[in-house]
Amino acid sequence: MCLGIPMTIIEGDEISALCERGDEKRRVSLLLIGSQPVGTKVLVHIDSAIRTLDEDEAAQLDRALDGLAAALRGEDFEHAFADLIERGPQLPDHLR
């Protein structure tokens, strides 16, 4: 399984940026999305930013990843997926 990680740009140029999530810092390529200002949330996959994220989407992804980590440690994780618990699966419009 491949995961994209939400990260925040803390410095950068037209080609790459130093990004962080929690205690982790990583230099990522910006070649797929172009130069972005400091503070931009990006989705990082294999050390490349693949798209920008708004604050809500970045927070939702952070909660899901934190929930997954809690589940792997055997801890309570349902709170991280509260937006999914009360609804059934939904097909995208193009599949309805």
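Read the figures in this text as sums done on the coordinates, not as results from a lab. Every value quoted in this text rests on a predicted model; they were computed, and no experiment measured them. Here the Cβ positions follow ideal geometry from the backbone for every residue, glycine too, while neighbour counts run over all protein chains shown.
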What strands (runs of 3 or more DSSP E) completely inside region 6-92 contain at least 1 residues that are hydroxyl-bearing (Ser, Thr, Tyr) and at negative phi? 16-21, 24-29, 48-53
Out of region 63-96, which residues are under 27 Å from ARG21 (Cβ atoms) and either exposed (fewer than 10 other Cβ atoms within 10 Å of the Cβ) or among the charged types (D, E, K, R) (or both)? ARG63, ASP66, LEU72, ARG73, GLY74, GLU75, ASP76, GLU78, ASP83, ILE85
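Filtering region 33-46 down to residues that are of a type outside the set (Gly, Ala, Ser) and exposed (fewer than 12 other Cβ atoms within 10 Å of the Cβ), which residue is nearest to ASP66 (Cα to Cα)? Outline the logic, then answer.
At the first step, the residues of region 33-46 found to be of a type outside the set (Gly, Ala, Ser) are 33, 36-38, 40-46.
The next check asks that each one be exposed (fewer than 12 other Cβ atoms within 10 Å of the Cβ); those that pass are 37-38, 46.
Working: PRO37: 26, VAL38: 24, ILE46: 19 Å.
Among those that are of a type outside the set (Gly, Ala, Ser) and exposed (fewer than 12 other Cβ atoms within 10 Å of the Cβ), it is ILE46.
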Test: residue in region 3-23 that is under 22 Å from LEU68 (Cα atoms), of a type in the set (Gly, Ala, Ser) and surrounded by 14 or more Cβ atoms within 10 Å (Cβ to Cβ): yes
